[in-house]
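Report on the structure given below.
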Amino acid sequence: MKLICIISTVLLTAFLGFSQKSFSGILKYKATVMAPDTNAVWKSWGVTLYTNDTLVRVETETEQFGVQVYIRNMSLNKAYLLLELDGNKYAIQTDLSKKNDSVPTSYTVKKKGGSKRIAGLKAKKYLVKDENTDGFYCYFSTKLSNKYLQVYPEVKGLALDYYIPSQDGLIHYELVEKKDQQINRDLFGIPSDYKRISFEEFMRAFYSNNEQ
């Protein structure tokens, strides 16, 4: 189950009108989880996103597997999670066009008055409510598209300061640095020593290895 939670956390950071600018560069986020009923940080990690405006690479720090890499091709609507396990290297592939859109949305998003600057970008305020919380405020840039980071797709702007519910509690993500630069396309390739495999095939192999 711990493996499933880690994969889900990586995908959350990486899955999901305005005159928006194309963007090529690096976005660095800090993720934190507070200890229950306190203001103390329980754990934190970094998330770094690279994009050339058509491809996205997200690197997420994890305790068990080190830095996990998620690569998404926006034009082909396909993605890969690179994972090393028991000496084997896997590129777990997902066809994002087959995502089940019939699953009901369990939250609402409403624009509120107010804004602030985050890492040099102006961000507008939204209230997100779900069935398990009283709601939390998130901030989105209207100048950059939400296609780079697919969270709360109802807002057509890039999430800069936001929360994602998880089994550990609310995960808070905040942009800490934005760099405009050209990214080498090789960064978005799948290394030749990684085996391309579906998520279902990976889980069968994972449970088979653990039963031996």
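Considering every residue within region 104-114, establish whether at least one is at pLDDT 95 or above and under 24 Å from N184 (Cβ atoms). So far as region 104-114 goes, no, none of its residues is at pLDDT 95 or above and under 24 Å from N184 (Cβ atoms). For region 11-59, filtering for residues that are among the small types (G, A, S) and at pLDDT 85 or above leaves 6. For region 181-206, the candidate set comprises residues that are surrounded by 11 or more Cβ atoms within 10 Å (Cβ to Cβ) and hydroxyl-bearing (S, T, Y); within that set, the residue that is modelled with the highest pLDDT is Y194. Among residues of region 34-48 that are within 12 Å of Q68 (Cβ to Cβ), those with a Cβ under 9 angstrom from a residue that is small (G, A, S) and surrounded by 10 or more Cβ atoms within 10 Å (Cβ to Cβ), sequence gap 6+ or separate chain, pair up as W45/A31; G46/A31; V47/A14; V47/A31.
Residue-by-condition table, conditions (1) in contact with a Ser or Thr (Cβ under 8 Å, 6 or more places away or on another chain); (2) of a type in the set (S, T, N, Q); (3) within 26 Å of K43 (Cβ to Cβ):
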| position | (1), (2), (3) |
| --- | --- |
| T133 | no, yes, yes |
| L144 | no, no, no |
| I183 | yes, no, no |
| F199 | yes, no, yes |
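Taken over region 63-77, the criterion of being in a strand (DSSP E or B) and either among the aliphatic types (A, V, I, L, M) or surrounded by 15 or more Cβ atoms within 10 Å (Cβ to Cβ) (or both) is satisfied by V67, Q68, V69, Y70, I71, R72. Just one residue in the set K178, K156, K129, K124 is buried (at least 18 other Cβ atoms within 10 Å of the Cβ), touching a Ser or Thr at 6+ places or on another chain (Cβ under 8 Å) and not hydroxyl-bearing (S, T, Y); that residue is K124. Among the strands (runs of 3 or more DSSP E) confined to region 102-159, the ones with at least 2 residues that are aliphatic (A, V, I, L, M) and closer than 21 Å to Q20 by Cα are located at 107-118, 121-130.
Contact map, region 89-108: first residue basic (K, R), second residue modelled with pLDDT of 75 or more, Cβ cut-off under 6 Å, separation 6 or more or different chains; pairs are K89/D193; K89/Y194.
The values are calculated or read from the model by the stated rules, or taken from the named source; none is laboratory data. None of the values given here were measured: they were computed from a predicted structure. Here the Cβ is made from the backbone with ideal geometry for all residues, glycine too, and neighbour counts use every protein chain on show.
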